[in-house]
Structure formats: structure tokens, C-alpha cells
There are 4 protein chains.
Amino acid sequence: MTISVNLNADMGEGFGAYHIGDDDSILKIIRSASIACGFHAGDPVTMRQVVQRAKEEGVSIGAHPGFNDLWGFGRRRIDMKPEHLEYIIAYQIGALQAMAAYVGENVTHVKPHGALNNMAAENLDYAMAIGRAIKAVDRNIIYVTNFGSEMEKAGRELGLKVAREGYCDRQYEDDGTLTPRKIPGSVIKDPEAAAKQVVNLVVNGVIISRNGKRIEQRVDTLCVHGDEPTGVATARMARNALEAAGVKIMRLPDMQLT
Amino acid sequence: MTISVNLNADMGEGFGAYHIGDDDSILKIIRSASIACGFHAGDPVTMRQVVQRAKEEGVSIGAHPGFNDLWGFGRRRIDMKPEHLEYIIAYQIGALQAMAAYVGENVTHVKPHGALNNMAAENLDYAMAIGRAIKAVDRNIIYVTNFGSEMEKAGRELGLKVAREGYCDRQYEDDGTLTPRKIPGSVIKDPEAAAKQVVNLVVNGVIISRNGKRIEQRVDTLCVHGDEPTGVATARMARNALEAAGVKIMRLPDMQLT
Amino acid sequence: MTISVNLNADMGEGFGAYHIGDDDSILKIIRSASIACGFHAGDPVTMRQVVQRAKEEGVSIGAHPGFNDLWGFGRRRIDMKPEHLEYIIAYQIGALQAMAAYVGENVTHVKPHGALNNMAAENLDYAMAIGRAIKAVDRNIIYVTNFGSEMEKAGRELGLKVAREGYCDRQYEDDGTLTPRKIPGSVIKDPEAAAKQVVNLVVNGVIISRNGKRIEQRVDTLCVHGDEPTGVATARMARNALEAAGVKIMRLPDMQLT
Amino acid sequence: MTISVNLNADMGEGFGAYHIGDDDSILKIIRSASIACGFHAGDPVTMRQVVQRAKEEGVSIGAHPGFNDLWGFGRRRIDMKPEHLEYIIAYQIGALQAMAAYVGENVTHVKPHGALNNMAAENLDYAMAIGRAIKAVDRNIIYVTNFGSEMEKAGRELGLKVAREGYCDRQYEDDGTLTPRKIPGSVIKDPEAAAKQVVNLVVNGVIISRNGKRIEQRVDTLCVHGDEPTGVATARMARNALEAAGVKIMRLPDMQLT
């Protein structure tokens, strides 16, 4: 039996005069793009350009909604009523759907950004709010969730398609949560170490925590980053290592999700 | 033969702690709502509430996109590249479509707001940009255009459904354009005068300009306002006068547009 | 010996097309205005108008900085680095100073808004960040702090002038903190009850908590509100009751602060 | 007699996760920094950092206010009431003054950004609005104006200190106005050509237009750019060429302005 996995990355996080990340290089490595929707980053012009490029590269289109916080790049936790959160997520998904319509594509996944992702991983109310937005707008959209998180729980409870996500270039704690960015070493900058981590995770279903604990987890998608200086090299090496190990790299909507 | 016309109004222009207009009263008079999309006014929470209320009242849902200018309420002209304008319009339509999905409805018309509407009425590049956004997102959406304007021209050139719009409570110049708001008397505050104007316009296809010139125009929809103190009374009297004259008031998507 | 107290209120929280509160009526009751600075509410035009009106009424000018969150009206907690918070406070104070220069006045106090005030009352890092901003911009500015809070502590540690604030129309918990808005009855809507509370607080240094506990606190300033429907009536009655009890109502910069 | 001139550049136009230009290299070449104030670019954190670095390099601090348009980077013309423009300028100056207070400096010049600068150069109402803001906030602040523009006229009419500005890396039309950016060749990318232009301008008071016409103008300050790829090299060569020609490079507040 062939093992398959998706590779996704955040995209379109520049706007106007501002550029971040090497979207063009990353688009040649990943199979699914999580596109910023103008709240924490991005703008309508950038969204339009990125859906075009994604289409050209055969990369599937997903929404990467965040808090309405350009100055903070969506990395600040904001305490909102869950129903208000729900509607800002639905809004962002809809906005991207309009852009996807330009290239005859659908938005096929949603992956929350930054602090919103972190909060939703821990907080079922937030996780459910995001899930309800997905369900209301298009119940076929895949909810990309940190494996084992409240988001995964919410997605299953709502009957949504759920993709369990691991990070290519991030360390994990013993409980399977991401090591916070402020802890030194939390971002893996050695492409070989990252490649080794993802092959182990995808092929064996195992990830080794920062403290050396063995965690068993199954993943459907791996997140790579194009904004770290070493991001593109890490992503490329991860992909090469996975393919060398016989893993098939697929678009999210083509994955068999359970 | 029965004459029919639509009544539409701007809706959802408050947000957060801010309230504007008497949406609830206006929703009982109009048949189509032009809903602010978070750029010049409104926010996702308000959009969600207004689509709900519109559904309950049997009022059809349209987008009321504007410039990204909360402080200026979208009443300041902004000089953008037409393709950038196009994408901010598509973005706003998509965002509202997501909200309409909550109540199982479609966005069935687009009417630009304020300075954007004024610019598009005069400037074919702007008018076409808005039309292209509509066409890309959903070619069944009706483009609401000032009668005889560049918008109407753009809509027809793009093969879109076009609704020719007149204003219930605004005076007109001899060339059929709206008298600018800064000219005293441009907003008709006498409900009877407004009612008389709309009946003449809808039944006879005639409007009398500020200077007394007779202008022949046919309209599909009439815009009423809920934010002027006299708006609700004017809207109600206009509707009553039209019905008394045998005119049928219809939802925009139910109108026979030519 | 004459007892004196200041009355302050939030001001200028509308902007553009949006109006909130009855600033004109409140300006005739209070002696110090806490003016929104364009982040959670307000805009440069409104700020300019309010400083003018404050000057005309002999009301002293203070800054009412908040989180950068128009949609949330600054009532959502945002988790920022304290030094980033510090600079957004300094920025807002400076912006208001520019407006005050138009009328030949100084910004003489700072009172944080909404969620920022609540967070700073509990969190010394936030409270110190606000205090450092004040100290950097103008060390003569008075730091208005919930009595007994971390803000008061921060202000004293930084050697700033501190005004201990009580609320005219809010209930208190047994520990002297404000009853959260979501608890029914937290906002006192009976003007007579509010007036009784403030006279007891100012004259006797005593406030009775929601559960009937007697709390001893001394206040320098009382906050009234103009945005609640009963706000103006409550503020007026509070002022009248204080004056009837022989209390002198003063501008914040004229108060003897300790 | 020694000829002297100032070199200034736009600074602090990144924010949050976004970086633009090589501020550190440019700070070692220029003598006055025009710092973005959070409207078209920049944020309070960036402003704080740039005033610190400017202070360390002995570079004087000026405000670079723009339209409230992050997505458009302040390069879109916005049609505002002049008095509203005035207050958004005053607001931005005040905000930067607060940051300058951290390093014990004053804001000593104001230079409008992008579309605002272009509009004010042509439109006396806009030029006067900016001048009135300067005058209200601190009448000692120098108004940096395109030479021969409406801004220069406004500055003189208001009795402000005026610095006549030329561009190091921009071509000119026969009437002495800047060649619009959209015309090919409008940005001079050859450092030697730029250096030659500025020496001729500063030493001889002559600039040669795009069409070869000789224009006589005197300048007090030259604008260099750090965001074009060739900007730093051009700025450095311009400075070196000026010094080789015996020109003294001074801070704006140290210049003898007439």
C-alpha cells in the first residue's frame, strides 16, 4: 500500500508594497496553498495573484484566515465571542472563494493562522466556531487541524472532513503540542533534521518530542514555511526525502481523509 | 399590463458599537437589501444579522461594496488602478456570499456605495472593473446602475443583467445625473414630493430635473434611504403611492430586466 | 476641610458617519474629558472637535487610548508584548497632544479604555507599559487608575501622578474590582442608587460591594458614562448629590493628588 | 562661501512582519529622516525604533505623513475635505512627537508622502491644510516642499520655515514638476547620472529636464530613496559627489532657510 501525504504552506502574506516569503519557489514544492485573506496579511490583489499561480502549478486552494490584526501579523491572541469569530472566518472564506472563482476553482481547505490556530488548538469554543463557519459556507471544505487538538475534535463533532496536520520545521512537546516559538530551537532550521522528522512521522506515524519522548500520531498534511530563510530548502528536502521513502505527495482534496 | 418596480436600500452600515439607520423599519418597505461589506461600513457580525433579517422579511440580498475607508464612510473618491478596484469588489461580494449561505440565499445584486458609485457612474474604467468582478464571481448577479450612466453601459457591454436605478429622495440635474449632495435641496426631505417623483418616474418614465427639465428614463429599481431622519417616512409614502398607482413592488431577482 | 473630587467621562467615541453618546450634555457635567484617540474609536476630526468643545466648557483634556480594534470597540482583550503596548499608548497620547495644541491646552491625564483598562488593572506588565508611555511622553500627565489596581501600583512605582478612580454607575465585587459587564446588574441604571454610591464613596471613603461587603477606598475621580441611555441623568444626579453634600467638583490637573 | 544642502530619506516604512528599504544603510548617508507615521506605512513600534537609530546616527527627525491607506502604500489619491486632511496630518505629527520624546528630540520637519505629496504640490487647498497642521502643532517645524510647488507657496503664506526639495533619483518635466513614476525612466537608476544631477542642482542651481530643458532652481534638501534596489548606492554616490564638490551636508534644522 502506498502512503500518501499532502504538503501545504501559508501563501500570499504580502500585500501592496510588502513582500514576505518566496511564494513562487514554495508553490513548486507544495500541493496545497493556505492563502491569507486580508485580515492578518494579504489583500484582494495578492489573493487574486496567488490563486492564479496556484492554479498554474496545480496546487489546491485553501483559506488561511486570521485575526484582523495587520500590525501584529495575526500573532496576537484576541479574545472574541466565538460567534463573532465564526463570522470573521466565514467572511474570509467567502472572500477567497470569490478569488478562486476567477480561476474556476473551489476553496477546498481552511487552515487558521498564527494565534488563532494556537487558540483553536486549545479552546474548543474557538475550534467549533471555525468549524461552524466552514460548515455554513461549504460543508465540503476540509478543516486542517493540528493533530490531536481541539480543532480535530471540533471538526469530527461537526461531521467535517478533517486533515490532521504536522509541522515540517517545528519541534513538539511531550503532549504532542507545538513547542512555542519563543523557546529557542522551536523552529527547526536544519533541513536534514526536518526531513528526518517528517519521514518518521509520515512513514512510521511517530514524532520525537523536544525531550525525546516518542509520540504516535498519523498525519494527512505537513506544513512547510516560505518565510523563514531556510524554509524553501527545508521544504524541498522534506519533499525529496518523502518521495525517496516512497511516499506519494497529493493535493488535499485528493487525499483519502478519515 | 402591470408595471413593476423594485425598492432597494442600503443596509447594515453600522458595526460593533455603532448604529446607523433604521434597518428594521426599512426592511418592511423594501424588497431588496444592499448590504455593506465591511469596507466603508458594516462588519461580518452585522452582515450576518442583516442577511438573517432580510431572509425573514423575504427581501433579496445584494452587496453594497465600497472603498476601504471607514473614517470616510466610503464618501471620499479614491483613485485606484481599475484592476485593483475589481478585486476589492470581488472580495466584498464573496464575503457577503458566505453570509448569505447561512440562510440558504444567493447574493443577487451588486450596488456600489457612495463615492465609488459616483465615480463608476462617470468613469467607464471603474464601471467595467465592477462589472468584471460581478462576472467573475457569479454572472447571474444583477448590476444595479444609475440609469444612463457608464455603469449601465459597462453592464450591457459585459452581458450582465442590469437594473436601472432611480433615487426616491434625490434631485436630478438636466443631464440625468444626481444633484451632488453638497448642493442645498439635493436630498428631497418632503415625503410627498418624493412620492410624486417616483410615481411619475415609474408610471410615466419621466423625471423632472432640479431646473425643471423633463427627462425620460425607465427604471427597474428605486433607492430609498434609512439613514436620513425622514428616510423611513419617505420610503413608506413612496411605496404606498406606487401601490396606489397600481405598480407592483418586486424583489430584484424576480424583475424582468432588459 | 472641603472634600473635592473630579468627574471624568469617555468622549469622542464616534467618528465619520458614526455617533455615540451625548458628548455635549456630558461636557456640561464633567470636569475632565477622556478622549478616544482613533484606535478603538474616534478619529482625528472628532478629536479636534472634542478638544474644542472641552476648552469651551473649561473641561480638562485627557487621552483615552485603547487597543487598535474598531470592530470590537476596544472591548476585546489582546495579548501584546508590553513594549509594543507601550508604543501604541505613546502614539495615541502624542496624537491627542497635537489636537490639544490647537486650543492651547495640554493633555493632562491618560485613562485606558475598555479591555485595555481591565487588563492593566490586573496585569502589572501592562500597567507598567502604560505608565512608561506616559512618563516618556510627558511625566506631568496624570495616570488615571482603578483604585487599588496594578495600574495604581505601576503609577506609584514610576513616580507618576496617580488619580484613583471609582465608577459612578458600576457595581463592585468584594475585592474592590469592577463587576464584569456580563453580570446582570453590573451597570447601575438607577440614577439615585448611583448618586448614593458616589456620595458615600467620596465623603466617607466607603463603597458597598454587590454582595454587601463594605470596602474602604479613597477616590480622586469618578467616571460617568454618556453612552448608556441613563448615563446623562445618572451623571447629573451624581454631580448634584455631591455638590449638595458639600463636595467640590474640580478639573483633574487642579486636584491635590497624593 | 560654502554651499550646504540637506539629504533626507523616507524611513520606517515597514511594520510588524514587513520590511521595506535598507534604513540602516541610508541612515549613515542622510542627515534627516522622514519617518512614516502609521497611516500609509509604519507603526508605533517601528517609529520608536527609527527615532532611536536616527538619534544614534545624529540624523534629525521629521514626520512623513500620508493617507490612511496601508493597502495602497499611500500612493492612491484620496479626495478629502482639506480640514479633514489637516487633522490627519496633525495627528500623525503628534504621534511622532511622542516617539521623538523618548530620545529627547523634536520633530523638526514634515514631508508628505506619495500621493499626498503629489496632490499638495498641485493643489493649494491641500498644501495649505498641511501647512496649517504644522503651524498648529509646532510652528518651528520645517515644511519640506517640492521646489516651486503650491506647497512652497502655502508654506511661505503661512510664515513657516520652508525647505525646497529636489529629488536625487527622479527625472523632471520642463515645468519643474517630477516626471510621474509610470513614465519609463522617471526613476534614475544610474548612480552616476543621479550624482551628476544633484551636483549641478546644488552647486549651479540648475536641473536639466527629461526633454533637455534647463530649469533654474535652488534646493535646500535632496531626497534619496532606500527602497529602490539601487537606492543606497545612488544615495552614497550623490553624497560623495556633493562632498567632492565642496558642498557641506547638514541636518535640516541646522540649515539656513530663506
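The values are calculated or read from the model by the stated rules, or taken from the named source; none is laboratory data. Because the structure is predicted, anything quoted here is derived from the model rather than measured. Note that each Cβ is placed from the backbone with ideal geometry, even for glycine, and that neighbours are counted across all protein chains shown. Protein only, heavy atoms only, side chains kept; ligands, DNA and RNA dropped before computing areas. Shrake-Rupley method; radii C 1.70, N 1.55, O 1.52, S 1.80 Å.
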Restricting the stretch A:237-258 to residues that are of a type outside the set (A, V, I, L, M, F, W, C) and more than 18 Å from A:S32 (Cα to Cα), the residue that is modelled with the highest pLDDT: A:G246
Yes/no for B:D23 being within 26 Å of B:R164 (Cβ to Cβ), out of contact with any Asp or Glu (no Cβ under 7 Å at 6 or more places or on another chain) and open to solvent by less than 50 Å² (accessible area, probe 1.4 Å): yes
C:R31 vs. criteria within 14 Å of chain D (Cβ to nearest Cβ), open to solvent by 30 Å² or more (accessible area, probe 1.4 Å) and closer than 14 Å to C:V107 by Cα: no
Check on C:G66, facing another protein chain (nearest Cβ under 10 Å), open to solvent by less than 10 Å² (accessible area, probe 1.4 Å) and part of a loop (DSSP other than H, G, I, E, B): no
Those residues of the stretch B:155-179 which are in contact (Cβ under 8 Å) with a residue 60 or more places away in the chain, assigned to a loop (DSSP other than H, G, I, E, B) and within 17 Å of B:P112 (Cβ to Cβ), in sequence order: B:K161
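Yes/no per residue for (1) assigned to a helix (DSSP H, G or I); (2) touching a Lys or Arg at 6+ places or on another chain (Cβ under 7 Å); (3) surrounded by 24 or more Cβ atoms within 10 Å (Cβ to Cβ):
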position: C:F73; (1), (2), (3): no, no, no
position: C:E86; (1), (2), (3): yes, yes, yes
position: C:I89; (1), (2), (3): yes, no, yes
position: C:A95; (1), (2), (3): yes, no, yes
position: C:M99; (1), (2), (3): yes, yes, yes
position: C:T108; (1), (2), (3): no, no, no
position: C:L116; (1), (2), (3): yes, no, yes
position: C:T145; (1), (2), (3): no, yes, yes
position: C:K153; (1), (2), (3): yes, no, no
Test: B:I130 is at the interface with another protein chain (Cβ under 7 Å from one of its Cβ atoms), in contact with an Asp or Glu (Cβ under 9 Å, 6 or more places away or on another chain) and surrounded by 24 or more Cβ atoms within 10 Å (Cβ to Cβ): no
Some residue of the stretch C:49-61 being assigned to a helix (DSSP H, G or I), facing chain D (nearest Cβ under 10 Å) and at pLDDT 95 or above: yes
Every residue from the stretch D:191-217 that is of a type in the set (D, E) and in contact (Cβ under 8 Å) with a residue 24 or more places away in the chain: D:E192
Some residue of the stretch B:193-201 being assigned to a loop (DSSP other than H, G, I, E, B) and more than 12 Å from B:V219 (Cβ to Cβ): no
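Quick grid of which residues meet (1) modelled with pLDDT of 95 or more; (2) under 16 Å from the mean Cα position of the chain (by Cα):
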residue: B:K182; (1), (2): no, no
residue: B:L201; (1), (2): yes, no
residue: B:R210; (1), (2): no, no
residue: B:V219; (1), (2): yes, yes
residue: B:G226; (1), (2): no, yes
residue: B:A235; (1), (2): no, yes
Residue pairs meeting the criteria (Cβ under 7 Å; at least 6 apart or on separate chains; first on the phi > 0 side of the Ramachandran plot, in the stretch D:119-148; second of a type in the set (G, A, S)): D:G148/D:G176
In the stretch B:246-258, the residues that are surrounded by 15 or more Cβ atoms within 10 Å (Cβ to Cβ) and outside any helix (DSSP H, G or I): B:V247, B:I249, B:M250, B:R251, B:M255, B:L257
Filter pass, D:S25 being away from chain C (no Cβ under 14 Å) and more than 16 Å from the chain's Cα centre (by Cα): yes
Boolean, C:G38 is surrounded by fewer than 24 Cβ atoms within 10 Å (Cβ to Cβ), within 14 Å of chain D (Cβ to nearest Cβ) and not in a helix (DSSP H, G or I): no
Members of the stretch C:9-31 that are in contact (Cβ under 8 Å) with a residue 24 or more places away in the chain and more than 19 Å from C:E228 (Cβ to Cβ): C:F15, C:G16, C:R31
Pair list, Cβ under 7 Å, 6 or more apart: the stretch C:94-112 residue more than 10 Å from chain D (Cβ to nearest Cβ), other residue part of a helix (DSSP H, G or I) and open to solvent by 10 Å² or more (accessible area, probe 1.4 Å): C:E105/C:K55; C:T108/C:P253
Residue check for B:H84: out of contact with any strand residue (DSSP E or B) (no Cβ under 6 Å at 6 or more places or on another chain) and more than 11 Å from chain A (Cβ to nearest Cβ): no
Residue pairs meeting the criteria (Cβ under 6 Å; at least 6 apart or on separate chains; first free of Cβ contacts under 8 Å to residues at least 24 places away in the same chain and closer than 22 Å to B:A235 by Cα, in the stretch B:32-51; second open to solvent by 10 Å² or more (accessible area, probe 1.4 Å) and outside any helix (DSSP H, G or I)): none
Matching residues in the stretch C:214-241 - criterion: being touching a Pro at 6+ places or on another chain (Cβ under 9 Å) and open to solvent by less than 10 Å² (accessible area, probe 1.4 Å): C:T234, C:A235, C:A238
